[in-house]
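Worksheet: one structure, shown below.
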Amino acid sequence: MKPKKVLLLVAAAVLIYTLVVHPTQLGDGVQTIFGWVGDGLESIVAFFRSAVE
């Protein structure tokens with residue numbers, strides 16, 4: 001097996017294990033990450049709006 005495939009399988013196994021054992025904490029983490037992405041996108045949009053005006 002190639003190392004890349006092994007790492008992908010290990011990452012998938014860890015994700016599934018975490019989802020089964022700690023679903024609430026995983027959900028909170030996903031919401032936090034989406035919050036950061038949303039804040040970043042809002043900042044980019046605000047920058048371009050101010051550059052156009």
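Derivation of every value follows stated rules applied to the coordinates shown; laboratory data play no part. Keep in mind the model is a prediction, meaning the values are calculated, not measured. Cβ placement follows ideal geometry from the backbone for every residue including glycine, while neighbour counts extend to all protein chains displayed.
Values computed for the structure shown
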| read-out | value |
| --- | --- |
| Mean ellipticity per residue at 222 nm, deg cm²/dmol - from DSSP H runs of n ≥ 4 across the chain, formula -39500 (n - 2.57) | -32500 deg cm²/dmol |
| Angle in degrees between helix 23-52 and the longest Cα principal axis of the chain, rounded to the nearest 10 | 30 |
| Label-point gap, in nm, between Val52 and Leu19 - each point 7 angstrom along Cα→Cβ | 3.8 |
| Among [x] 4, 19, 23, 20, 14, 10, 6, 3, 1, 0; [y] 5, 26, 35, 24, 9, 1; [z] 4, 17, 12, 13, 13, 12, 11, 8, 7, 4, 1, 0, the entry derived from the coordinates for P(r) over Cα pairs in 5 Å bins from 0, in percent | [z] |
| Length released on extending from Val45 to Ile33, taking residue separation times 0.36 nm less the Cα-Cα span | 2.5 nm |
| Degrees between helix 3-21 axis and first principal axis of the chain (Cα, 0 to 90, nearest 10) | 90 |
